[in-house]
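The values are calculated or read from the model by the stated rules, or taken from the named source; none is laboratory data. Predicted model only: the values in this text are computed from it and were never measured. Cβ placement follows ideal geometry from the backbone for every residue including glycine, while neighbour counts extend to all protein chains displayed. Heads up: the accessible areas ignore ligands, DNA and RNA and are worked out on the full protein's heavy atoms, side chains in. Shrake-Rupley method; radii C 1.70, N 1.55, O 1.52, S 1.80 Å.
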Amino acid sequence: MARLVIDPVTRIEGHLRVEVQVDGGAVTEAYSSATMWRGIETILRGRDPRDAWLFAQRICGVCTTVHALASVRAVEDAIGATPPLNARLLRDLIAASQFVHDHVVHFYHLQALDWVDPTAAVKANPARTASLAQSISGYPRATAGLFTTVQNRLKAFLAGGNIGPFTNGYWGHPAYRLTPELNLLAFSHYLDALDFQRDYARIHALLGGKNPHPQTYVVGGMASPIDLNSQDAINNNTLQELTQLLRRGLDFVEQVYLPDLYAIGHAYADWTGHGKGLGAYLVFGDYTPSPARKGRPPEGGLFPGGVIRGGGLTVEPFDPARIAESVAHSWLRYDSGDAALPPWKGETTPDYTGPQPPFEQLDVDGKYSWLKAPRYDGIAVEVGPLARMLVGYATDDARIRPLVQGALDRLRVPPAALMSTLGRVVARGLETKLMADYTLELVDRLRANIAGGDLAIADTEKWDPSTWPPGQALGVGFHEAPRGSLSHWVSIDNRRISNYQAVVPTTWNASPRDADGHPGAYEAALVGTPVADPQRPLEILRTLHSFDPCMACAAHLYDADGRDIVQVRVQ
């Protein structure tokens, strides 16, 4: 039995440390520890609620815009502001395009190297690679000449010795099993995806002024004027350029991302048997032209809301009142003790009681993470693409059900196989296709609404604080972000923020154990993960990356005696 420590494994909100117990070639216990505290919630106390979104969106620069959206929704819920339809459509366009951008980047630039060995691509036959590419897609960049050029670039890059993101990879690991030709194909698309993400990010620049962190949100709507006759506003040229960008995005998803996903998925079909985890899933629901309801997400959206328990496919309604956060194993304290608190009563007070660095192992029987442990009705749940696809499938959603069933048929697996490491990867790809289609629908609806004479972009009736509810006002903003269910909870007293809590997707998934000892989603999913070589734990990274924690920095592993046995570059 060996204790492996992977630290740091960086992600979107800071650094992640994972300690696992390995016995008999598989993980038997896992502990997830966030090793950095930021405290943005405390920064917001005492501020004008109308400014909250500007600060809150800095929680994350990778899944940019999502915290701005959840924040403005929370304040609008508190003060009673209702954004007009144009504003809701623009917000959804920014958010939906973020899904497509984020998921493509994750597949190719954050997780691909868990499945693809670029060093094996130098052995590929470019002509056979072209035949493979043409057999699975109509993507035009699929000629023997192109793959020869890519292969020569790769050979020169590897021969140079300074191989950047490929340094210290586990190349040649026995868990890699793609053919040289499929490795070359995937590497070529890795490069194409760099061009894709640069081009697609222009959508945020057009609608939000810049990327990351769009600047056009405002409580009550958006700050982007609509005037088809003005070059200083959203006009026909803007809508035409948006449509072109979105169509190119859909083409890339259909011709590159999904064919690669299925080709790789077939090669690693056994990974539907690893990484199941909790078997419990949560979705708030989102993306609908209807405004939100007081204290609840809107109904009838692209993503239906619901909760799945016990590894089945029975969906129950989502109830926000059942959310609470525990700090029993967190380096935080509640004045009232360790009992879980609902977000509106939540506290964010740092209280580090862990070992003084440098140290070898955490005291996992005590407090061991800067993250709280969010729970729904007392149970740990997983959020994200897999949760959304499962809830949509189980509720017979008209869009999601056939999309998921088509994937199950192509992979020749039952629905339960989605509850796995590979299932999360597949669900993210399906969701990307769903959102790429939906973005074009949003542009059409925006264009039709403007053509009907509606140019309203903001509700200013509640802008003046004198119009807000007297005394205390409570608000919550729900959003289905790329990595999962996100909520911001605001308490306003005397027109200033008295408390602010953000319950983010990574907190749900990467949480430590709660007061009852129940593990979070990462911790549960890692149990049972095979580890062929403890010095090169590629399989552990596969399961972690399937949640999309955005790992990008160096990690170190230690053996049971605390010796530094290998340095890992997680790309």
Rounded to the nearest 10 Å², what accessible area does Trp53 show when all protein chains are kept and the probe is 1.4 Å?
-> 20 Å²
For region 197-290, with equal point scatterers placed on the C-alpha atoms only and solvent neglected, what are the log10 I(q)/I(0) values from the Debye formula at q = 0.11, 0.13, 0.15 1/Å, to two decimals?
-> -0.58, -0.75, -0.88
In units of 2.2 N^0.38 Å, the Cα radius of gyration of the chain is 0.96
Any lysines with Cα under 21 Å of the Lys155 Cα? List them, leaving off those in the same chain fewer than 8 positions away.
-> Lys123
Sequence-distant or interchain residues sharing an amide H contact under 5 Å with Val531, placed H: which?
-> Ala26, Val27
Send over the per residue convex hull volume for region 398-546, Cα only, as a whole number of Å³.
-> 205 Å³
So for the pair Ala451, Ser131, with labels modelled 7 Å out along Cα→Cβ, what separation do we get in nm?
-> 4.9 nm
Expressed per residue, the solvent accessible area of the chain in Å² (1.4 Å probe) is about 36 Å²
So how compact is region 189-240: Cα radius of gyration and Dmax in angstrom?
-> 13.6, 41
Kirkwood Rh for region 397-470 from C-alpha pairs, in Å, is 16.1 Å
What lysines could a cross-link reach from Lys276, if we take a straight Cα to Cα line under 30 Å and drop same-chain neighbours fewer than 8 places away?
-> Lys367, Lys372, Lys433
Isotropic mean projected area of the C-alpha convex hull, region 86-154 (nm²) = 6.4 nm²
Two-decimal Rg/Rh of region 339-451 from alpha-carbon positions, Kirkwood Rh?
-> 1.15
Mind checking the alpha-carbon convex hull of region 306-399 and giving the volume per residue in Å³?
-> 134 Å³
Could you work out how far apart the two model spin labels at Leu54 and Asp195 are, taking each label as a point 7 Å from the Cα in the direction of the beta carbon, and quote it in nm?
-> 3.9 nm
Carbon/sulfur fraction of accessible area - region 164-236, other protein chains in place, 1.4 Å, % | 51 percent
What FRET efficiency comes out for the pair Ala267/Asp335, r = Cβ-Cβ distance, R0 = 51 Å, nearest 0.05?
-> 0.45
Helix-only [θ] at 222 nm, the chain, -39500 (n - 2.57) per DSSP H run of 4+, per residue, nearest 500, equals -11000 deg cm²/dmol
Protein-only accessible surface order, largest first, of Glu29, Glu41 at 1.4 Å | Glu29, Glu41
Calculate the all-directions average of the projected area of region 92-197's alpha-carbon convex hull, and give it in nm².
-> 7.5 nm²
When the Cα atoms of region 280-346 are enclosed in a convex hull and the volume is divided per residue, what value in Å³ results?
-> 117 Å³
First compute the accessible area of region 6-140 with a 1.4 Å probe, then give the percent of it belonging to carbon and sulfur atoms.
-> 53 percent
Kirkwood hydrodynamic radius (C-alpha pairs) into Stokes-Einstein, region 152-245, 25 °C and 0.890 mPa s, D in µm²/s = 142 µm²/s
Under Stokes-Einstein, with the Kirkwood radius over Cα pairs standing in for Rh, what whole-number D in µm²/s applies to region 11-149 at 20 °C and 1.002 mPa s?
-> 107 µm²/s
Starting from the Cα-Cα distance between Ala144 and Thr82, subtract it from 0.36 nm times their residue separation and give me the gain in nm to one decimal.
-> 16.8 nm
Given q = 0.20, 0.22, 0.26, 0.28 Å⁻¹, what are the Debye log10 I(q)/I(0) values for region 460-529, with equal point scatterers placed on the Cα positions and solvent ignored?
-> -0.89, -0.97, -1.10, -1.15
Just order 484-494, 392-402, 244-254 by mean Cβ neighbour count inside 10 Å, highest at the front, would you?
-> 484-494, 244-254, 392-402
What is the distance, in nm, between label points placed 7 Å from the Cα along the Cα-to-Cβ direction at Thr395 and at Gln231?
-> 4.6 nm
Which loop trypsin sites (Lys or Arg not before Pro) in region 98-163, with loop taken from DSSP, have no more than 16 other Cβ atoms within 10 angstrom of their Cβ?
-> Arg141
